[in-house]
Structure formats: structure tokens, C-alpha cells
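The values are calculated or read from the model by the stated rules, or taken from the named source; none is laboratory data. Note that the structure is a prediction, hence the values are computed from the model and not measured. Virtual Cβ from ideal backbone geometry, glycine too; neighbours counted across all protein chains shown.
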Amino acid sequence: MDIPTDTPPPPSHVEDAKPTTTEQKRAARGATRPGDRIFLALSRGSGITLLLIMAAVAAFLAYRASIALADNEGSFLTTFEWDPAGALHDGKPYFGIAVLVFGTIVSSIIALVIAVPVAIGIALFISHYAPRRLAAPIAFVIDLLAAVPSIVYGLWGALVVAPNLTGLYSWLDDYFGWTGIFEYQGGAPRSLMTVGILLAIMILPIITNVSREVFLQVPKMHEEAALALGATRWEVIRMSVLPFGRSGIISASMLGLGRALGETIAVATVLSPTFVIQASVLDYGGGTFAQNIASKFSEASEYGRDALIASGLVLFVITLLVNGAARLIIARRKEYSGANA
């Protein structure tokens with residue numbers, strides 16, 4: 001059997017190393033362009049700068065908090081008093097954040113429970129139900145709500161919202177007072193429930209806008225396929241829109257929760273602060289981290305400011321944990337989202 005002698009030689013290693021596709025050729029050229037190198041350096045530097053800023057804030061809070069906690073006679077996590085000057089304890093500092101943790105978490109949860117369903121409903125109405133001529137003005141009004149300053153919300157809440165909640169609180173007491181959570185003893189409705197309602201109004205634009213943009217990104221083929229199978233509009237939303245936007249809804253809710261956790265002026269204007277944990281969310285009193293810092297920082301001594309910074313460190317950690325939990329939820333849920341289809 002004759003062996004053919006005109007067999008082409010195997011390609012050299014140099015030829016194998018050359019880019020074979022258009023994308024690889026563009027990547028090879030882009031790696032040597034000055035503009036790409038500058039952009040890479042700037043983006044990398046921005047990320048590193050952000051990490052350094054976060055580390056610097058954490059180090060500052062931890063250092064000042066350690067000064068306050070070293071001389072604290074009370075248990076920082078379980079004490080129900082705030083007396084860093086020691087006026088009631090023979091000059092010895094005695095303070096804790098139990099009431100602040102409870103008030104911050106409860107008011108934020110109330111805000112989310114109220115705001116998330118309403119925000120999702122508004123976002124669905126704008127994206128799938130309202131005519132285009134009506135959807136645009138509603139979206140514009142929602143955007144304007146996000147631009148209202150916190151102090152305006154606080155004044156409106158103190159002068160308009162709070163005085164008109166007495167009837168609602170009495171109704172809740174009549175029908176749900178047996179639970180203890182909605183028991184109302186009368187008096188000014190400057191309670192955690194009032195704070196939660198006001199925070200819900202404040203975070204409503206954030207959750208609505210993010211959810212609306214996510215719902216508008218749903219592939220039209222998914223919706224048209226459901227309609228072709230005879231699904232109603234609600235079934236299209238339930239089977240196509242909501243599964244696709246689940247991760248976006250979670251992200252929007254966490255953004256709103258971050259705003260609620262750190263809100264200061266509006267809460268300080270509405271709430272009557274007391275260092276007592278009430279079983280009912282309708283009774284006046286309570287406190288949050290941000291409200292306590294804002295109301296006491298200007299008149300506090302140097303050590304009192306360190307104590308307030310220590311409480312700020314706890315709020316900082318809570319915020320990081322909330323955002324970290326949101327990222328984990330999104331990472332676990334993204335395989336169910338239509339975004340990867």
C-alpha cells in the first residue's frame with residue numbers, strides 16, 4: 001500500500017496560538033490598547049477604594065466602640081437603659097441596646113409588611129395593566145415621592161398622619177387587641193406602628209421603581225406563550241412575570257429595608273422615645289438606633305458619643321448582615337428566574 005506523500009504538514013505551534021475567532025482577535029487587540037488598560041486600572045482602583053472606605057469606617061466604629069464598652073457597667077446587648085453619663089448609677093456608665101434593637105427591627109418589619117405588597121401591586125399595574133398614557137404619569141409621581149426629603153415626611157407624619165391614626169388603632173384594639181400585639185391603651189399614637197407606617201410610605205417608591213423595571217424586562221415570548229395556551233392576564237403574571245422577577249423583588253425589598261433601618265429624622269420627629277419594650281406596637285414609646293443617635297449626639301459628652309458610636313457599630317453590622325442575606329437568597333433563587341433562560 002502506497003503512502004501518500006502530499007499530506008499537508010501539521011500546523012505549527014505559532015499558528016495554533018493565533019486567535020481563530022473574531023471575539024478572540026478583538027480581545028487580543030483590546031488587551032494592548034491604552035484606553036482599555038486605563039479603564040481596567042480605574043475600575044480596579046474604584047473597587048479597592050470602596051473596600052478601603054468600608055474597612056476604614058468599620059475600624060473607626062470598632063475603635064470608638066471599644067473605648068465605650070471597656071467602662072460600661074451594664075450588658076451592652078441586654079440592658080434596657082441608656083445612661084452613659086452614669087447619672088442614675090453613681091457616676092458609672094450603664095447603657096445597652098436591647099430596646100434599640102427591638103424598635104429598629106420591629107418598625108422595619110412593619111414597614112416591609114405594608115410596603116412590599118402595595119409596591120408590587122403598583123409596579124404590576126404600571127407595567128401590565130395601565131394604559132401607556134396613564135402609566136407614565138403614575139411612574140413620574142412615584143419617582144417624585146423618592147425625592148421628598150426625610151424632614152418633610154417627618155413633619156407630615158407628626159402633624160397629619162399620627163393625629164389621624166387614633167381611629168385605626170381603636171379598631172385594631174377592638175378586633176385584634178386579644179393578641180396583645182395590637183392592644184391600644186389610648187393616648188398619642190406615637191408608637192412603633194406609626195413609625196412603621198411612615199417608613200412604609202418612604203420606602204414605597206424604592207421598591208416600586210425597582211420592581212417595575214424588573215417586570216418590564218420579562219421576555220415577551222414568555223407572556224405570549226402563556227396567552228397562546230389560554231392563560232388569563234393574572235395567570236400570565238403568576239406563571240411568567242412573578243417567577244422572572246423574584247430576585248428583583250427580593251433586591252428591591254432589601255433596598256427598602258436598608259432605608260428603613262437607617263432612617264433618622266422622620267423617625268425622631270414621629271416617635272416618643274422610651275427605653276421600655278412594649279408588647280403592643282400601638283403603645284407609645286420605643287426607640288431605634290438612628291433616632292437615638294440623632295436625638296442624643298449633640299448634647300452627649302465625649303464618652304457618651306463613644307457609646308452612641310458603639311450603637312452605630314451594631315446598626316452597621318445589622319445592615320451588612322441584611323445585605324449579605326439578600327445576596328445569598330438571590331444566589332439560591334436565580335436558577336428559578338427566567339433571567340437565565
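Tabulated data for the structure shown
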read-out	value
Which listed residue is under 29 Å from Gly286 (Cβ atoms), more than 18 Å from the chain's Cα centre (by Cα) and not in a helix (DSSP H, G or I), from Gly186, Gly157	Gly186
Inter-residue pairs, beta-carbon under 7 Å, first at pLDDT 85 or above and in segment 63-91, second among the hydroxyl-bearing types (Ser, Thr, Tyr) and part of a helix (DSSP H, G or I), 6+ apart	Ala68/Tyr303; Pro84/Tyr303
Any pair with Cβ under 9 angstrom, 6 or more apart, that starts in segment 252-278 at a residue that is over 13 Å from Met202 (Cα atoms) and ends at one that is of a type in the set (A, V, I, L, M, F, W, C) and in a loop (DSSP other than H, G, I, E, B)	Ser272/Ala188; Phe275/Phe80; Val276/Phe80; Ile277/Phe80
Whichever residue in segment 233-246 is within 30 Å of Thr319 (Cα to Cα) and crowded, with 21+ Cβ neighbours inside 10 Å and, among such residues, is nearest to the chain's Cα centre (by Cα)	Gly245
Failed item, numbered, when Val99 is tested on (1) under 18 Å from Gly304 (Cα atoms); (2) in contact with a Leu (Cβ under 9 Å, 6 or more places away or on another chain)	(2)
Qualifying positions in segment 200-232 - crowded, with 19+ Cβ neighbours inside 10 Å and over 23 Å from Leu144 (Cα atoms)	Val218, Glu223, Ala226
Residue ID - surrounded by the fewest Cβ atoms within 10 Å (Cβ to Cβ), chosen from residues in segment 295-310 that are over 25 Å from the mean Cα position of the chain (by Cα) and among the aliphatic types (A, V, I, L, M)	Ala300
Residue within segment 185-199 that is modelled with pLDDT of 85 or more and surrounded by fewer than 18 Cβ atoms within 10 Å (Cβ to Cβ) present	no
Restricting segment 80-97 to residues that are within 16 Å of Glu299 (Cβ to Cβ) and among the aliphatic types (A, V, I, L, M), the residue that is surrounded by the fewest Cβ atoms within 10 Å (Cβ to Cβ)	Ala87
Options Val116, Val141, Val160, Val148; residue that is in the same structural domain as Ala252 (by TED's automatic domain parsing) and crowded, with 18+ Cβ neighbours inside 10 Å	Val116
Selected residue [over 23 Å from Ile151 (Cα atoms) and in contact with a strand residue (DSSP E or B) (Cβ under 6 Å, 6 or more places away or on another chain)] from Phe244, Phe275	Phe275
Leu61 being within 28 Å of the chain's Cα centre (by Cα), in a helix (DSSP H, G or I) and more than 30 Å from Val281 (Cα to Cα)	yes
Of the criteria (1) in contact with an Asp or Glu (Cβ under 7 Å, 6 or more places away or on another chain); (2) in a helix (DSSP H, G or I); (3) more than 16 Å from Ile309 (Cβ to Cβ), which one Ile67 fails	(3)
Residue list for segment 265-274, filter: assigned to a loop (DSSP other than H, G, I, E, B) and modelled with pLDDT of 85 or more	Leu271
Total residues in segment 122-154, condition farther than 22 Å from Val270 by Cα and either touching a Ser or Thr at 6+ places or on another chain (Cβ under 7 Å) or not in a helix (DSSP H, G or I) (or both)	5
Checklist (1) farther than 20 Å from Arg259 by Cα; (2) without any contact (Cβ under 8 Å) to a residue 12 or more places away in the chain applied to Trp156, failing item	(1)
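Here is a yes/no grid of residues against (1) of a type outside the set (A, V, I, L, M); (2) modelled with pLDDT under 85; (3) farther than 16 Å from Ala119 by Cα:
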| position | (1), (2), (3) |
| --- | --- |
| His222 | yes, yes, yes |
| Gly230 | yes, yes, yes |
| Ile237 | no, no, no |
| Gly256 | yes, no, no |
